[in-house]
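Novice: Have a look at the structure that comes next, please.
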Amino acid sequence: MLRVPRPPPPPGPPRAGLLPLALLLLGGLGSADGSEVNLLDSRSVMGDLGWIAYPKNGWEEIGEVDENYAPIHTYQVCRVMEQSQNNWLLTSWISNRGASRIFVELKFTLRDCNSLPGGLGTCKETFNMYYFESDDEDGRNVRENQYIKIDTIAADESFTELDLGDRVMKLNTEVRDVGPLTKKGFYLAFQDVGACIALVSVRVYYKKCPVVVRNLAIFPDTITGADSSQLLEVLGSCVNHSVTDEPPRMHCSAEGEWLVPIGKCMCKAGYEEKNNTCQACRLGFFKDSPQSQMCTKCPPHSYTREEASHFCICEEHYFRKETDPPTMACTTPSIITTVKKGKVAKNSISLSWQEPDRPNGIILEYEIKYFEKDQETSYTIIKSKETKITADGLKPASAYVFQIRARTAAGYGGFSRRFEFETSPLLAASSDQSQIPIIAVSVTVGVILLAIVIGFLLSGRRCGYSKAKQDPEEEKMHFHNGHIKLPGVRTYIDPHTYEDPNQAVHEFAKEIEASYISIERVIGAGEFGEVCSGRLKLPGKRELPVAIKTLKVGYTEKQRRDFLGEASIMGQFDHPNIIHLEGVVTKSKPVMIVTEYMENGSLDTFLKKNDGQFTVIQLVGMLRGMASGMKYLSDMGYVHRDLAARNVLINSNLVCKVSDFGLSRILEDDPEAAYTTKGGKIPIRWTAPEAIAFRKFTSASDVWSYGIVMWEVVSYGERPYWEMTNQDVIKAVEEGYRLPSPMDCPAALYQLMLNCWQKDRNSRPKFDEIVCMLDKLIRNPSSLKTLVNASSRVSNLLGEHSPLGNGVYRSVGEWLEAIKMGRYAEIFMENGYSSMDAVAQVTLEDLRRLGVTLVGHQKKILNSLQEMKVQLVNGMVPL
Ligand code: AMP
């Protein structure tokens, strides 16, 4: 229903043309939607429509304007009063533009016959629509009967005069479709047979499914099929930068709707979907495959160089395993986190570990580094392709530190954290819990021994280095300060056994070109010349601080030989607690021995300078280092003979290293050495009685010396036996007296000293046992808290230094003097109490018998003896 603002038509014969077209068009005629393509729209044709009406008095074109005064075409006919009407209106040729089904939308008004006075007999309320197909414009004038009828069109709404008076019009819209069309175009024809019609607009169109992008595929404009129920399958084409395995499809319905999409396109690698298009990934983002949805930020330690990247490039030194997804962060080869201890024996520890979670690449091998705790400079490396190893050749009851790293094509990963495991004590059984019958063990051991013997005989190999054969997958190497060290214990070779001492020195010491050495300052005086500090810069190596011992000018051949003899000895050693020889200069003058530089110089001077400044643990650490160095020497069969704090050097890390390996040193060099009755020159205070007495120098005599060094260390460089003469020392020691405990000395350390000073050298601990013991003390520092009781501490071996009644005495007389009971000395001696051993047994009865009747004197003597017995029980001063 439309409101009609214009005045009604004048009375008279009804004329369909009296229609307010401009108003009818006000928004009322509609327009094609996106799926409709007009072939003809009579409203939009500006000029002559070119339609033909016949007979001439039938349809007539009425020139009207719309609300914008634009001309519109309308055709009217209203010959309702006349009989036998047959009025045709033929359109011009309409190209179907490939459509095989077209739609005709008619907008018209039709007058209600009932409202016509007297015309009812002939008045019609319908008209007919026809079409005629033709490839061109020549077919318009065909005969009527060649037109094919589309339909009879009736009005849904007809109007009366009254309606016009009310200014209300009833516009009808009828749509008919035609098809299938087979030619390029067609004509339409409207036949009026006696109605009152105004044909306001004719719109001819076809329907299409409009171009659409669905699922990243473009589906083109598609003209619907000829059949009204037909679905046309249409293939889509992927939008730019997208791909698909199977072309997507959609279906175009007769109504111009896209239905049932099948399949889809995906943005290719490096592109992501945005607003139905594929957009390049920005810098720093990537998309690795069409299947991935969005561009993703580069994972850690990777980047892109350009937009639209498929993957991110790992930063330098970072890697990604080939099989890793590109979303994976680039890493350095991954770190092993879990290491498990397996079987532990006194000399071996078995380990296993898990492959790192994300090794970046195939793990080619593992490297297992281990060393005795606190001995990091001397370590062993085992390479294994398996995730387990057994480290053998270890010391009993010792803590070892293990670190493992993996190697891939990308290189080595970082070492795992340190894992510390301890070997079993000497006498303990293996920690393997399985209860193997003893017989089986014996048989196994027997078989193994037999195999070893046979293997040894067959190989013909008696000594020397061989790669550890424990596992073909393993390779074992020993290192010290970064230098490779051959496994197995080598034996010290006395340079004297070489006819030509020069040969020995070149066998064991590296010749250094003098130009590689720069001398900086004099730091000491050696037997053969000055000792200097300086720097050594070998080609391709980093510069090292060194100590340089020089051979003074004017030396004799013997002096030269003796001087270089030390290098021949030192050069055979490779241990973190033995001074390290860098090399010798023999081809130019001055002749030099170059060793590692020990910043704090000799230990005795250093301790004196730093009296009381170290913790007990630090002191024990120093002792431990020396014991370890001495163990190494004794394992090699080298007896030092002059172990003393003055012959130990200490570096800035407080690492102590045994030094002074001169050949003739013991005779000439050491100012502490004194001639013995047997003619040798010996450092009496440091030397075991059997070595003094009959030159029995062994590792056990070195242990005695080590005990003295312990005493020197704990007493911060005190001189052993103070100012006693060498003779007195020999005598006192021979009589069983020993150095008293230094001040504030942990009881355990003093006990160890006393053990080192056992008269029977076989009862002394071995160096490896000393190392173990010290390690235990270090691991359990509370064991060092118990100090030698101040009241029972024998502060001085000598009478004149002894506090009253609290000393260890050379003689009974000395003792009695010390407690102011000297008056009884003679009686004691006369009655057989000539030694302190004998006096120790004295009772009150004995005293009375000896004539000591005064109760005060009895008490004094007995109390003093009692105190000495306490010391005896404590085992501190073996009388
Ligand atoms: P020696 O000839 O070994 O008795 O050395 C004499 C002195 O030179 C020693 O007491 C040290 O003070 C010093 N000395 C010797 N070797 C070194 C070294 N490697 N590093 C630092 N000082 C040293």
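Novice: Taking the condition of being at pLDDT 80 or above, assigned to a loop (DSSP other than H, G, I, E, B) and of a type in the set (V, I, T), how many residues in region 333-362 meet it?
Specialist: Selection size over region 333-362: 3.
Novice: Sort through I363, I335, I313 and tell me the only one that's open to solvent by 20 Å² or more (accessible area, probe 1.4 Å) and touching a residue at least 60 places away in the same chain (Cβ under 8 Å).
Specialist: I335
Novice: Which ones in region 755-785 are assigned to a helix (DSSP H, G or I) and surrounded by fewer than 17 Cβ atoms within 10 Å (Cβ to Cβ)?
Specialist: N762, S763, K776, R779, P781, S782, S783
Novice: Which of (1) part of a loop (DSSP other than H, G, I, E, B); (2) in contact (Cβ under 8 Å) with a residue 12 or more places away in the chain does M129 not meet, given it meets every other one?
Specialist: (1)
Novice: Can you give me the number of residues within region 517-551 that are out of contact with any Lys or Arg (no Cβ under 9 Å at 6 or more places or on another chain), open to solvent by 60 Å² or more (accessible area, probe 1.4 Å) and either of a type in the set (S, T, Y) or away from the ligand (no atom under 12 Å from the Cβ) (or both)?
Specialist: Qualifying residue count, region 517-551: 6.
Novice: Further, regarding this structure: Going through region 649-663 one residue at a time, which ones are within 11 Å of the ligand (Cβ to nearest atom), outside any strand (DSSP E or B) and either over 14 Å from G526 (Cα atoms) or modelled with pLDDT under 95 (or both)?
Specialist: Passing the criteria: N651, S652, D660, F661, G662.
Novice: Next question. In region 552-605, what count of residues is obtained for those that are outside any strand (DSSP E or B), among the β-branched types (V, I, T), buried (at least 20 other Cβ atoms within 10 Å of the Cβ) and within 12 Å of the ligand (Cβ to nearest atom)?
Specialist: Total satisfying the criteria: 1.
Novice: Kindly indicate whether any position in region 633-641 is within 16 Å of the ligand (Cβ to nearest atom), assigned to a loop (DSSP other than H, G, I, E, B) and either small (G, A, S) or surrounded by fewer than 22 Cβ atoms within 10 Å (Cβ to Cβ) (or both).
Specialist: Within region 633-641, not a single residue is within 16 Å of the ligand (Cβ to nearest atom), assigned to a loop (DSSP other than H, G, I, E, B) and either small (G, A, S) or surrounded by fewer than 22 Cβ atoms within 10 Å (Cβ to Cβ) (or both).
Novice: Now for a separate question. Can you find, within region 606-617, the residue that is most open to solvent (accessible area, probe 1.4 Å) among those that are within 14 Å of the ligand (Cβ to nearest atom) and over 18 Å from V522 (Cα atoms)?
Specialist: K609
Rundown of residues vs (1) within 21 Å of E718 (Cβ to Cβ); (2) modelled with pLDDT of 85 or more; (3) within 60 Å of the chain's Cα centre (by Cα), yes/no style:
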{"position": "N780", "(1), (2), (3)": "no, yes, yes"}
{"position": "L784", "(1), (2), (3)": "yes, yes, yes"}
{"position": "N796", "(1), (2), (3)": "yes, no, yes"}
{"position": "K820", "(1), (2), (3)": "no, no, no"}
{"position": "S834", "(1), (2), (3)": "no, no, no"}
{"position": "D837", "(1), (2), (3)": "no, no, no"}
{"position": "L847", "(1), (2), (3)": "no, yes, no"}
{"position": "L850", "(1), (2), (3)": "no, yes, no"}
{"position": "I861", "(1), (2), (3)": "no, yes, no"}
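Novice: Okay, next question. Please work out if C113 is in contact with a helix residue (DSSP H, G or I) (Cβ under 6 Å, 6 or more places away or on another chain) and of a type outside the set (V, I, T).
Specialist: Against the criterion (in contact with a helix residue (DSSP H, G or I) (Cβ under 6 Å, 6 or more places away or on another chain) and of a type outside the set (V, I, T)), C113 does not qualify.
Novice: Moving to a separate point now. If I go through region 226-266 residue by residue, how many of them are over 21 Å from M294 (Cβ atoms) and open to solvent by less than 20 Å² (accessible area, probe 1.4 Å)?
Specialist: Qualifying residue count, region 226-266: 7.
Novice: Write out, first by first residue and then by second, each pair whose Cβ atoms fall under 9 Å of each other, whose residues are 6+ apart or on separate chains, and whose first residue, in region 247-271, is at positive phi while the second is assigned to a loop (DSSP other than H, G, I, E, B) and among the aliphatic types (A, V, I, L, M).
Specialist: Close Cβ pairs satisfying both conditions: V260/L231; G270/A308.
Novice: Now a separate question. Among residues belonging to region 494-510 that are surrounded by 13 or more Cβ atoms within 10 Å (Cβ to Cβ) and charged (D, E, K, R), point out the one that is nearest to the ligand (Cβ to nearest atom).
Specialist: Only one residue tops the list, namely K510.
Novice: Across region 378-395, what is the total count of residues that are closer than 17 Å to E355 by Cα and open to solvent by less than 20 Å² (accessible area, probe 1.4 Å)?
Specialist: Of the residues in that region, 3 qualify.
Novice: Looking at the structure I just gave you, is P683 modelled with pLDDT under 95, open to solvent by less than 20 Å² (accessible area, probe 1.4 Å), farther than 20 Å from K558 by Cβ and within 14 Å of the ligand (Cβ to nearest atom)?
Specialist: yes
The values are calculated or read from the model by the stated rules, or taken from the named source; none is laboratory data. All figures in this text were calculated on a predicted structure; none of them were measured in a lab. All Cβ positions, even for glycine, are placed from backbone atoms using ideal geometry, and neighbour counts span all protein chains on display. Protein only, heavy atoms only, side chains kept; ligands, DNA and RNA dropped before computing areas. Shrake-Rupley method; radii C 1.70, N 1.55, O 1.52, S 1.80 Å.
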